[in-house]
1. Once you order the gyration tensor axes a ≥ b ≥ c over the Cα atoms, which shape class does the stretch 106-253 get: rounded for a/c under 1.5, otherwise prolate or oblate by comparing a/b with b/c?
2. Read phi for every residue in the stretch 42-56 and hand back ³J(HN,Hα) as whole Hz from Karplus 6.51 cos²θ - 1.76 cosθ + 1.60, θ = phi - 60°, with x for Gly and Pro.
3. How much accessible surface area, in Å² rounded to 10, belongs to the heavy atoms of GLU94 with a 1.4 Å probe?
4. Leaving ligands, DNA and RNA out of it, report the carbon-plus-sulfur percent of the accessible area of the stretch 128-199 at a 1.4 Å probe.
5. Can you give the net charge of the other residues whose Cβ lies under 10 Å from the Cβ of HIS49, counting K and R as +1 and D and E as -1?
6. What ranking, highest mean first, results for peptides 139-145, 79-85, 190-196, 113-119 when packing means the other Cβ atoms within 10 Å averaged over each residue?
7. Determine, for the stretch 159-266, the count of lysine pairs separated by eight or more sequence positions (or lying on different chains) whose alpha-carbon distance falls under 18 Å.
8. How charged is the neighbourhood of ALA139? Take every other residue with its Cβ under 10 Å from the Cβ of ALA139, and add Lys/Arg as +1 and Asp/Glu as -1.
Amino acid sequence: AVEKCARSPDHFAPCTPFERPTISVGCTTLPEWPDENGAAMARGRSLMHTLAMDSTRFTSGDLCGLLLELFQEAELPEEVPIGCVKRMILAVREHMYENPYHNFSHVFDVAQTTFVLAETTGLMERLDTWERFALLAAAVCHDLEHPGVDKGFVESAALGDAFLDKLLEKHHTLRAFEIMADSEIGVLQGISTVRYHAFRQAVSGCILATCPADHSEFVAKLEGLKGGEGGVAAKQLEMELLIKAADISNVLKPFPVAARWALRVTDEFFLQGDVERQHGMLPVTPLCDRAQQSRVACQKGFIDYVCAPFFDAMATLYPALRPAVRVMHANRAQWDTYSDARLELLHRDHPPLLPSSPTPDALSSDDAPPCSLSLSLSLALSLSLSPSPSPLPRPSSLPLDVRCTTLPPGLSQTLSRRNLLKRSE
């Protein structure tokens, strides 16, 4: 069975403003705040309140500036100086790895989409300044130090000691508070204990909501909101629903944007599969097997089994989201006209990351299998929407070498982090 994210804040080590953890977030080596690119910022501002923004079309420096403006538009709490938010953004950028998908561009994409969805649904108006800050801070920190592989790979490769918790979402949460509580960042300096714990609970709940294993649970929770239950609990649930929606929102974007993200996420899947095959971690995770899986099939299955049920329910609860959901259904229809070869030809805007040595049984893009029920179900199973069958035995400990040139960038950076942690013990 796939482990789900614990919702209770009791699962996190106690930490108050007066009991700071001793950590190393690299604050002393943070780069200077990037110079503003006037043309890029103007282009970003024109798209800031829309779902047409494509963060992959901006540099990381541009995204830092646009993120800061996002926080400012949401109105920061008086207790949080703008300089602290700048340092938090820079620290997050330094702690995002160079994955094809789970990278700093994805961080901005989720934060900006969360902002747009909160505006569109009216939730932003119902949140106070600390709740708004919690929502955006969670979006910015929700994938901190993501290794570019899934939880099953982390366990099979014995990489658990590189993380603060075996569940990646808990690691993201804990690292978020290590960064925000660091005295050099200063985001949480000087706030009351009551305020701190309320903020911590809100941010933790939002980040944990992005756990794929809890997806069907959140679809069910949508029904509870339809009953009109008010109060803090319902508002917190709305925040969690919106950040979850933003995390899988590529399907709501104009098709060219959605297609570029589809290439990036399947690049990341296939890199994991390449490492699994090269290191004998068999069977290769179905979703990550470039010899068997189709990029287009991934998108069809993702919309059919994951996104459509969730976003159709969201549009029922929030009618203002219906135009965005219509875009998702139009995108789904357009995927029926695509092959993997056409996707690569028309939308590839970054060099593909391929295994160093070709896989003998790898299929060409033209030979990629069509979207079949079995492939779509394998996608649904990997997202834990239904119980997964017991996998075949895998090595309990995989001797991955950080010097191995065939490792994806994010995985190499994870191994480097693990080695540094071991040396500091």
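1. It is oblate, given that a/c is not under 1.5 and a/b is not larger than b/c.
2. So the J values, rounded to whole Hz, are 5, 5, x, 4, 5, 10, 4, 9, 10, 9, 8, 5, 10, 5, 6.
3. 90
4. Here carbon and sulfur together make up 49 percent of the probe-accessible area.
5. So the surrounding residues net to -1.
6. 139-145, 113-119, 79-85, 190-196
7. 7
8. -3
The values are calculated or read from the model by the stated rules, or taken from the named source; none is laboratory data. Just so we're clear, the structure is a prediction, and the values are computed from it rather than from any experiment. As a convention, Cβ positions derive from the backbone with ideal geometry for all residues, glycine included, and neighbour counts pool all protein chains shown. Keep in mind that these areas ignore ligands, DNA and RNA; they rest on the heavy atoms of the full protein, side chains included. Shrake-Rupley method; radii C 1.70, N 1.55, O 1.52, S 1.80 Å.
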